[in-house]
1. Among the numbered conditions (1) near ligand 2 (Cβ under 9 Å from one of its atoms); (2) among the aromatic types (Phe, Trp, Tyr); (3) in contact (Cβ under 8 Å) with a residue 40 or more places away in the chain, tell me where Tyr178 comes up short.
2. Quick check on segment 145-157. Is at least one of its residues farther than 19 Å from Glu95 by Cα and either among the aliphatic types (A, V, I, L, M) or outside the structural domain of Leu104 (by TED's automatic domain parsing) (or both)?
3. Within segment 233-244, how many residues turn out to be near ligand 1 (Cβ under 7 Å from one of its atoms) and at pLDDT 90 or above?
4. Is it fair to say Ser115 is more than 15 Å from ligand 2 (Cβ to nearest atom) and at pLDDT below 90?
5. Identify, please: which residue in segment 284-303 is loosely packed, with under 15 Cβ neighbours inside 10 Å and either within 10 Å of ligand 1 (Cβ to nearest atom) or not assigned by TED's automatic domain parsing to the domain that holds Ala239 (or both) and is, among those, farthest from Gly250 (Cα to Cα)?
6. Considering each of Asp225, Asp211, Asp264 in turn, give the residue that is closer than 21 Å to Lys310 by Cβ, at pLDDT below 90 and out of contact with any helix residue (DSSP H, G or I) (no Cβ under 6 Å at 6 or more places or on another chain).
7. Any chance you could count how many residues in segment 150-201 are among the hydrophobic types (A, V, I, L, M, F, W, C) and over 20 Å from Asp139 (Cα atoms)?
8. If you take the residues of segment 243-254 that are surrounded by fewer than 14 Cβ atoms within 10 Å (Cβ to Cβ) and of a type outside the set (Ser, Thr, Tyr), which of them is nearest to Leu309 (Cα to Cα)?
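The values are calculated or read from the model by the stated rules, or taken from the named source; none is laboratory data. Quick caveat: nothing in here was measured; it's all calculated off a predicted structure. Every residue, glycine as well, gets a Cβ built from its backbone with ideal geometry; the counts of neighbours run over all protein chains shown.
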Amino acid sequence: MLPVNQGSDFASEVDFIYMTLFWGSVVFFVGIVGAAAYFSWRYRYKAGRSTPHQTHNTTLEIVWTVIPTLIIVVIFFWGVNGYMKFAVPPGEALEVQVVGKQWLWTFEYPDGTRSVNELHVPVNKNIRFVMSSEDVLHDFYVPDMRIKRDIIPGRYTQIWFRANEKGLGEHVTTCAEYCGKGHSDMHAKLFVDTSADYDKWMATGGTEWEDYKTHMEDWGKIQWDRKGCSTCHSVDGSASKGPTWKGIWGTMVKLTDGKSVLVDEAYLRESMMLPQAKIVAGFDPIMPTFQGLLRENEINGLVAYIKALK
Ligand code: HEC
Ligand SMILES: [Cu+2]
């Protein structure tokens with residue numbers, strides 16, 4: 001029974017008000033039903049017993065009106081106070097974009113890192129979730145944090161929490177709005193990390209560090225897809241908005257100014273950071289700069305990937 005898995009500061013407050021209401025209801029239920037049962041037995045029909053004439057009892061009526069009213073008013077303000085905390089994210093918070101779609105979750109962090117069905121947050125930090133849907137109604141629900149809010153197509157909704165020490169570790173995130181056939185598969189894992197673990201996760205963008213070192217070109221392939229390079233660069237030699245990456249490593253590329261340049265590490269790097277510096281012949285200078293959008297390890301991965309595309 002409650003309280004279980006209180007991963008956020010909300011959790012204990014929510015549980016406390018919930019349990020107060022629950023036990024309050026139990027006390028009143030037992031008291032009222034018990035009294036009714038007792039009186040119906042105590043004053044049951046007996047031959048010769050007559051009931052005296054009853055009008056009313058002013059004192060009793062005032063007491064049973066005023067006391068419950070006061071209790072309800074206290075509960076109301078208690079609830080509003082909690083709701084306001086829950087509904088209004090604090091100004092200083094880490095912002096994570098949450099996108100729900102049939103039937104998975106994507107999360108995007110301030111530095112552009114994206115992850116699918118896996119959410120990492122640092123402990124003891126306010127996290128604000130800005131949520132949108134790509135298709136139908138969904139509902140972002142993290143039971144251990146006691147947060148839940150609808151995600152509505154065409155609109156942004158927000159929610160926030162602050163995970164505490166008790167919340168360190170893995171939690172379940174699920175969709176609480178029936179959204180079609182795969183609704184029950186719409187799970188994500190939430191990891192509350194220490195700030196060191198969180199930094200490490202951000203640095204590698206979701207892949208294990210060791211993994212990244214041993215499979216640089218796979219890491220580059222992930223970036224090709226994640227960072228949108230794939231919309232303009234093919235990797236199979238076919239034509240696209242930009243030159244294909246297949247087989248370019250180590251060759252001489254013709255530029256619009258008539259010169260040629262060797263495709264090496266420095267040229268690839270420059271092409272990503274300052275794409276307008278050297279324009280490949282036959283293409284328009286439409287490539288956006290990725291200055292500040294690619295981390296060192298991502299650039300290395302992309303270079304390794306291009307190198308591997310023979
Ligand atoms: C909007 C389309 C577009 C996107 C997105 C794009 N590029 Fe490009 N890219 C181009 C075009 C067009 C060229 C050729 C013209 C030039 O050199 O600027 C090019 C050239 C390059 C070159 C030089 C290729 C050669 O054959 O010499 C590299 C390397 C490169 N892009 C890397 C990337 C990487 C890495 C990404 C993703 C992080 C990316 N590009 C995203 C359009 C794009
Ligand atoms: Cu859903």
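1. Every condition holds for Tyr178 apart from (3).
2. So in segment 145-157, the residues farther than 19 Å from Glu95 by Cα come out as 153-154.
Checking the rest, the ones that are also either among the aliphatic types (A, V, I, L, M) or outside the structural domain of Leu104 (by TED's automatic domain parsing) (or both) come to none.
No, there is no match, as no residue in segment 145-157 is farther than 19 Å from Glu95 by Cα and either among the aliphatic types (A, V, I, L, M) or outside the structural domain of Leu104 (by TED's automatic domain parsing) (or both).
3. The number of residues fulfilling the criteria is 3.
4. Values: more than 15 Å from ligand 2 (Cβ to nearest atom): yes; at pLDDT below 90: yes.
Judged against the criteria, Ser115 is a match.
5. Taking segment 284-303 and keeping what is loosely packed, with under 15 Cβ neighbours inside 10 Å, we get 284-286, 288-289, 291-293, 296.
With the extra rule that they be either within 10 Å of ligand 1 (Cβ to nearest atom) or not assigned by TED's automatic domain parsing to the domain that holds Ala239 (or both), the set shrinks to 284-286, 288-289, 293.
On the way: Asp284: 23, Pro285: 22, Ile286: 24, Pro288: 24, Thr289: 23, Leu293: 26 Å.
The selected residue is Leu293.
6. On the way: Asp211 fails: closer than 21 Å to Lys310 by Cβ; Asp264 fails: at pLDDT below 90.
Going through Asp225, Asp211, Asp264 in turn, just one is closer than 21 Å to Lys310 by Cβ, at pLDDT below 90 and out of contact with any helix residue (DSSP H, G or I) (no Cβ under 6 Å at 6 or more places or on another chain): Asp225.
7. Of all residues in segment 150-201, those among the hydrophobic types (A, V, I, L, M, F, W, C) come to 151-152, 159-161, 163, 168, 172, 175-176, 179, 186, 188, 190-192, 196, 201.
Next, only the ones that are over 20 Å from Asp139 (Cα atoms) stay: 168, 192, 196, 201.
Looking only at that region, the number is 4.
8. Gly247
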